[in-house]
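The values are calculated or read from the model by the stated rules, or taken from the named source; none is laboratory data. These numbers were taken from a predicted model, which means no experiment stands behind them. When we count neighbours, we look across all protein chains shown, and the Cβ atoms used for this are built from the backbone with ideal geometry, even at glycine. Surface accessibility is based on the protein's heavy atoms, side chains included, excluding ligands, DNA and RNA. Shrake-Rupley method; radii C 1.70, N 1.55, O 1.52, S 1.80 Å.
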Amino acid sequence: MLYKYKGIKFLTSVVLLGLLIAGCKKIEEGFLSEGLYVPDTPIKVQRGNAFQKTSAILADGTTQPMTVKLLDIRRADNKKHADEFYKEYPVYVYTAAVDPAKDTTIELVNKKRELKKMQPYVFLTSGQFVFNGATDSLPLDVTYEYDVEVSNVAGSKVYKNIGTLTTVDPPLVTETTANCNFFPDDASPTVPMGAPVMTITRVSESGASVILKITDKDGKPFNPKKGEIIKRGDRPIFENYARFHPIEYTDTAMICNFEIAPFPLSRYSNGGTNWNYLMYYRIPSAFVSVDKNVSSKIGSVNPLFAFRLMKAGTYVVELRMPKTVKVTP
């Protein structure tokens, strides 16, 4: 009986010792999920956008705080390291907002901006990209993939191909509108002519110019240099939006070096009226005739239109007016 009791006591001691040893083992701290992900992938990188910030990586229950480190960006098509994302490019950084009503010269604008060399992005420890205007130097319509390393109290883990980046251009043209009216010279009622056809073509990514042409239905341009296109009273024209350089008038076009995109930089207001981005012109009756289904009278053609260019470049804007024919006096 005594031996049986001693055996039971010994067995109990062994069990208790085992539990004590087990209890002394280090408990693993924290959790690092396999399911981390980028909520806005595929990310569209808008070239030339001065500020674009992506969403943070979602933790999927991972213990916080966690730190995300960018390991590599490479092209998805050939798997090569994307050197273009790691180069520095010249880009203007603005230290204050430009007011077109006050900053009417490049010298004044330059007091509010600095030309710096920058990489196209900054990568935050939250896993977010902050892209800047240097993205304009990246190639268009290229897809990239990238890897990150995430660390927290539980350790670190590499996540290959966690997201993709594709370079795109934002909409180049916004705020478009156009209309036209016929004003008889005898002051009889105005005749609506319908909307002219406005085409906007970006002919080059370099420069910052608009070549504006107003043409008849056959594409023959009216001559602004000879007064075939004139302003309408106190209403805004091209010049009201060209703040930094004078308009150049040729036999076929009005040319503006707008310097800073978007163009127009801001809406135009005068005398308590907000004209938005509208421009008003008149083609005097001496230089134009209209189709007989519009009017049999002699009169002027009066187009109004608006457009806004969101990126720098060289653009040709043609306002073609159906139902009109250019006349040479």
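For residue 177 and residue 292, FRET efficiency with R0 = 30 Å and r from the beta-carbon atoms, rounded to 0.05?
That pair, residue 292 with residue 177, gives E of 0.65.
So how much slack lies between residue 190 and residue 81, counting 0.36 nm per residue of separation and subtracting their Cα-Cα distance, in nm?
Taking 0.36 nm per residue and subtracting the Cα distance, the gain is 32.9 nm.
At a Förster distance of 41 Å, what's the computed FRET efficiency of residue 92 paired with residue 230, Cβ-Cβ distance as r, to 0.05?
For residue 92 and residue 230, the calculated efficiency is 0.70.
Putting +1 on Lys and Arg Cβ atoms and -1 on Asp and Glu Cβ atoms, find which of 85, 242, 163 reaches farthest to the positive end of the dipole of the chain.
Farthest towards the positive end: 163.
Once R0 is set to 22 Å, what does the formula 1/(1 + (r/R0)^6) return for the Cβ-Cβ distance between residue 270 and residue 112, expressed as a FRET efficiency to the nearest 0.05?
For residue 270 and residue 112, the calculated efficiency is 0.40.
What accessible area per residue, rounded to a whole number of Å², is obtained for the range 53-203 using a probe radius of 1.4 Å?
Normalised by residue count, the accessible surface of the range 53-203 is 53 Å².
Calculate the tail of P(r) for the range 152-268: the fraction of all Cα-Cα distances greater than 24 Å, expressed in %.
Value for the range 152-268 (Cα pairs over 24 Å): 46 percent.
If you put +1 on each Lys and Arg Cβ and -1 on each Asp and Glu Cβ, how big is the dipole of the range 148-291 around its Cα centre, in Debye rounded to 20?
Approximately 300 debye in magnitude.
What percentage of the solvent-accessible surface of the chain, computed with a 1.4 Å probe over protein heavy atoms, is contributed by carbon and sulfur atoms?
Of all accessible area on the chain, carbon and sulfur atoms account for 55 percent.
Go through the range 228-244 residue by residue and turn each phi into a ³J(HN,Hα) via Karplus (6.51, -1.76, 1.60, θ = phi - 60°); whole Hz please, and just put x for glycine and proline.
After applying 6.51 cos²θ - 1.76 cosθ + 1.60, I find 6, 10, 10, 7, 10, x, 9, 7, x, 10, 3, 4, 5, 9, 8, 7, 9 Hz.
List nothing, just return the count: lysine pairs in the range 270-329, 8 or more apart or interchain, with Cα separation under 18 Å.
Lysine pairs meeting both conditions in the range 270-329 amount to 4.
Counting only GluC sites (Glu not before Pro) that sit in a DSSP loop (anything but H, G, I, E, B) with at most 15 other Cβ atoms within 10 Å, what is the longest stretch of the chain containing none of them?
The reported range is 206-329.
Which label marks the calculated value of Cα Rg over 2.2 N^0.38 Å, given the options (1) 0.96; (2) 1.22; (3) 1.67?
(3)
Quote the charge dipole size of the chain about the Cα centre in Debye, to the nearest 20; the model charges only the Cβ of Lys and Arg (+1) and of Asp and Glu (-1).
Around 660 debye, computed over the chain.
How much mean residue ellipticity at 222 nm does the chain get from its helices, if each DSSP H run of length 4 or more adds -39500 (n - 2.57) and you divide by all residues, to the nearest 500 deg cm²/dmol?
-3000 deg cm²/dmol, from helical runs alone.
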